[in-house]
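Visitor: Dumping the structure here so I can ask a few things about it.
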Amino acid sequence: MQNIRNIAIIAHVDHGKTTLVDRMIYQARMARDREKLGELILDNNDLERERGITILSKNVSVPYKGTKINIIDTPGHADFGGEVERVLNMTDGVLLLVDAFEGTMPQTRFVLQKAIEMGKKPVVVVNKVDKPNCRPEEVNDMVFDLMCSLDANEDQLDFTTVYGSAKQGWMGPDWRTPTGDITYLLDTILDKIPAPEMLEGTPQMLISSLEYSPYVGRIAIGRMHRGTLKVGMDINLCKKDGSFERQRIKDLMVFDGLEKKKVESVSSGDICAVVGIEGFEIGDTIADGENPEALPPISVDEPTMSMLFTINDSPFFGKDGKYVTSRHLKERLEKELEKNLALRVKDGLSADSFIVYGRGVLHLSILIETMRREGFELQVGQPKVLDKNINGVRCEPIECLTIDVPEEMAGKAIEISTRRKAALMHMEGRGDRTHLEFDIPARGLIGLRSNLMTATQGEAVVAHRFKGYEPYKGEIEKRTNGSLVSLETGQSIAYSMDKLQDRGRFFVEPGEEIYAGQVVGEHTRALDLNVNICKTKKLTNVRAAGSDEKVMLPPAIKFSLEEALEYIQEDELVEVTPHYMRLRKIYLDELERKRRKG
């Protein structure tokens with residue numbers, strides 16, 4: 001049996017987790033193509049690369065000095081908290097990665113809290129020490145204070161700190177003297193992270209993750225807790241509800257570098273993938289065929305937000321996408337449920353609509369973005385927060401929100417947040433920036449980021465994590481401006497848009513195809529205004545000086561998907577197709593809208 005170390009890398013978004021794992025892979029000489037040095041191997045889906053965030057946790061293994069180091073790269077966003085908790089079940093220690101300038105951030109805290117509760121041993125890596133005005137020693141003290149506040153035990157507080165720059169490819173004991181490579185970090189892992197205990201007895205493996213293959217179906221991934229599994233062995237699948245199912249293992253695989261390789265048996269302590277098991281869920285246990293014993297199941301955080309997904313029924317339906325029917329939409333959502341833990345799907349009010357529940361706007365917008373890239377056309381409604389009734393009291397999800405802003409803009413940030421029922425819990429100066437911490441209802445976060453960015457000229461750094469359910473905080477003021485709604489289908493004309501400039505700001509450029517009922521701009525007043533921007537100038541043969549003044553239009557406002565979801569009102573939808581994104585009224589006909597308002 002070879003030596004094994006199981007570690008998870010935890011850090012806030014964009015502190016360099018994935019870059020560090022890539023460096024470890026290179027160090028172990030597994031990536032033979034040196035010219036690919038700049039590419040991230042792990043963030044391999046387009047969305048992860050574009051946004052620079054990890055969405056799905058990934059397993060790799062690195063051989064070093066006769067020891068196999070299983071590394072799991074975890075997401076930093078609290079919206080993917082479902083991923084994090086499962087992953088920590090498979091490990092014996094964690095690498096806590098912290099940016100040498102930013103220090104500990106709220107989502108570092110979110111994952112670290114889970115790791116410390118589970119008793120995992122941390123190794124702290126202070127990354128990006130090559131940044132100007134970084135403060136590695138101060139950051140190390142911040143980590144210690146954070147661990148104290150999370151009730152870490154003596155062993156956990158006696159952590160080793162490694163300094164370095166993953167991007168430049170070095171790690172060492174002192175941040176002032178760069179080393180040539182990251183072997184110091186690998187040696188520290190072997191030295192400080194405990195090897196998994198070898199437990200004898202009947203086999204037990206908790207399913208912590210899953211993959212889907214079109215050839216063999218769903219693959220269960222987890223860590224062998226006790227005993228040995230063999231290919232062809234009869235096992236019992238212990239379900240969360242206490243029932244058992246007899247099944248047989250077809251194949252076993254372990255992680256070898258970036259790939260998986262087939263093996264005949266897997267022993268206690270290693271992380272493996274099991275093929276051939278049907279109908280399992282995350283948190284079920286694979287146990288002995290004769291006398292099964294279940295392990296305690298994993299609990300995954302409940303969804304906090306819901307959104308309506310429906311087929312595209314606008315006049316432009318089917319012009320851009322491949323998959324446009326409700327059957328396509330239903331099959332795609334069912335496929336997503338296979339591997340996306342924190343997601344739930346229910347049938348909507350009509351046959352072609354579905355209500356999708358998730359952990360936050362980011363969680364659901366990643367799903368929508370993935371679907372549009374696959375060629376789907378769909379429409380989504382305004383995100384709604386899920387309330388709970390606890391002991392007869394209406395409660396809603398509360399998030400811990402942190403905002404880092406330049407000192408002179410702190411007042412604006414506090415004002416915008418408190419308008420959304422946020423309570424300021426903590427405030428401190430960090431150099432020329434101010435660090436603010438709030439408790440805010442989850443519905444207050446919808447649209448908050450874009451408002452803060454506008455008010456602080458793009459300087460605010462915003463992050464949040466789920467805290468728990470608390471009594472309802474009361475109504476929050478909504479978007480006060482109404483919409484400019486197109487009266488006609490056709491092409492938008494610069495001439496008519498120019499005449500309406502004093503009525504509001506436009507979301508479309510001249511020459512774009514629009515349809516009746518589409519939201520083409522934001523009104524300056526609170527009510528919706530129906531406008532015709534397809535009207536052309538009537539030409540006569542009379543010429544007068546000054547009649548042909550030049551049209552000067554400001555650029556149209558373009559939303560990202562998250563911004564559009566946060567912007568729309570209850571009677572509006574976002575139409576998403578592979579190349580276009582439009583805002584529209586649910587009822588396109590003006591008379592129908594008036595009748596509904598009654």
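The values are calculated or read from the model by the stated rules, or taken from the named source; none is laboratory data. These numbers were taken from a predicted model, which means no experiment stands behind them. Glycine gets a Cβ as well: all are built from the backbone with ideal geometry, and neighbour counts include every protein chain shown. Ligands, DNA and RNA are stripped out before the accessible areas are found, and what is left, the full protein with its side chains, is counted by its heavy atoms. Shrake-Rupley method; radii C 1.70, N 1.55, O 1.52, S 1.80 Å.
Visitor: Over the chain, with the other protein chains present, what is the accessible area per residue in square angstrom, probe 1.4 angstrom?
Guide: For the chain, the solvent-accessible area averages 46 Å² per residue.
Visitor: Putting +1 on Lys and Arg Cβ atoms and -1 on Asp and Glu Cβ atoms, find which of ASN532, GLY276, TYR64 reaches farthest to the positive end of the dipole of the chain.
Guide: Working it through, the farthest residue towards the positive pole turns out to be ASN532.
Visitor: When the Karplus curve 6.51 cos²θ - 1.76 cosθ + 1.60 is applied with θ = phi - 60°, which whole-Hz ³J(HN,Hα) does each residue of segment 588-594 get, with x for Gly and Pro?
Guide: Whole-Hz 3J(HN,Hα) from phi for segment 588-594: 6, 7, 4, 5, 4, 4, 5.
Visitor: So how much slack lies between CYS395 and GLU428, counting 0.36 nm per residue of separation and subtracting their Cα-Cα distance, in nm?
Guide: So the extension gain works out to 8.9 nm.
Visitor: Which residues among segment 261-305 fall inside the zone where the amide N is under 19 Å from a point 7 Å beyond the Cα of MET198, along Cα→Cβ?
Guide: Output list for this probe position: 264-272.
Visitor: Which values of log₁₀ I(q)/I(0), to two decimal places, follow from the Debye formula for segment 396-476 at q = 0.21 Å⁻¹ with a uniform point scatterer at every Cα?
Guide: -0.89
Visitor: Residues of segment 452-478 with backbone nitrogen within less than 18 Å of a virtual label 7 Å along the Cα-to-Cβ line of MET581, please, listed as ranges.
Guide: Of the residues in segment 452-478, 452-454 have backbone N under 18 Å from the label point off MET581.
Visitor: Also: Would you grab the residues whose amide H sits under 5 Å from the one on ALA463? Only those 5+ places off in sequence or on another chain, please, with H modelled 1.01 Å from N.
Guide: THR402
Visitor: Taking H as built 1.01 Å from N, whose amide H comes closer than 5 Å to the amide H of ILE533, not counting residues under 5 places away?
Guide: Those lying under 5 Å, H to H, from ILE533 are LEU487, GLU488.
Visitor: Give the calculated FRET efficiency between ASP151 and ILE557 to the nearest 0.05, with a Förster radius of 56 Å applied to their Cβ-Cβ distance.
Guide: After rounding to 0.05, the efficiency reads 0.75.
Visitor: Give me a comma-separated list of calculated 3J(HN,Hα) values for segment 323-329, in order, Karplus coefficients 6.51, -1.76, 1.60 applied at θ = phi - 60°, integers in Hz, x for any Gly or Pro.
Guide: After applying 6.51 cos²θ - 1.76 cosθ + 1.60, I find 10, 10, 8, 5, 5, 4, 5 Hz.
Visitor: Follow-up question, since we're still on this one. Using +1 at the Cβ of each Lys and Arg and -1 at the Cβ of each Asp and Glu in the chain, identify which of VAL508, THR418, PRO296 lies farthest towards the dipole's positive end.
Guide: Projecting each Cα onto the dipole axis, the largest value belongs to VAL508.
Visitor: Take each of the peptides 209-217, 246-254, average the number of other beta-carbon atoms within 10 Å over its residues, and list them starting from the highest.
Guide: Final packing ranking: 246-254, 209-217.
Visitor: Same structure again: Place +1 on the Cβ of every Lys and Arg and -1 on the Cβ of every Asp and Glu in the chain, take the dipole about the Cα centre, and give the residue among THR202, VAL551, VAL356 whose Cα lies farthest towards its positive end.
Guide: Most positive-ward Cα: VAL551.
Visitor: Provide the FRET efficiency to the nearest 0.05 for the LYS412-LYS131 pair, computing r from the beta carbons and using R0 = 35 Å.
Guide: For LYS412 and LYS131, the calculated efficiency is 0.85.
Visitor: Let me ask another. Could you check the spin-label model distance between ASN541 and ASP589? Points 7 Å from the Cα along Cα→Cβ, value in nm.
Guide: That separation, rounded to one decimal, is 4.3 nm.
Visitor: Along segment 508-517, what does the Karplus equation 6.51 cos²θ - 1.76 cosθ + 1.60 (θ = phi - 60°) give for ³J(HN,Hα), rounded to whole Hz, x for Gly and Pro?
Guide: Once θ is set to phi - 60°, the couplings for segment 508-517 become 10, 8, x, x, 7, 6, 10, 10, 4, x Hz.
Visitor: Taking 0.36 nm per residue of sequence separation and subtracting the Cα-Cα distance, how much length would be gained by fully extending the chain between ASP181 and ASP387, in nm to one decimal?
Guide: Once the chain is fully extended between ASP181 and ASP387, it gains 69.1 nm.
Visitor: Placing one identical point scatterer on every Cα of the chain and ignoring solvent, what is log10 I(q)/I(0) from the Debye formula at q = 0.09 Å⁻¹?
Guide: -0.81
Visitor: Out of the total accessible area of the chain (probe 1.4 Å, heavy atoms of protein only), what percent is carbon and sulfur?
Guide: The computed percentage sits at 49.
Visitor: Report the relative contact order of segment 377-462, percent, no decimals, based on alpha-carbon pairs under 8 angstrom and at least 6 residues apart.
Guide: Value for segment 377-462: 33 percent.
Visitor: List every residue whose amide H lies under 5 Å from the amide H of VAL520, counting only residues 5 or more places away in sequence or on a different chain, with H placed 1.01 Å from N in the peptide plane.
Guide: The list, which skips near neighbours in sequence, is LEU484, VAL485, SER486.
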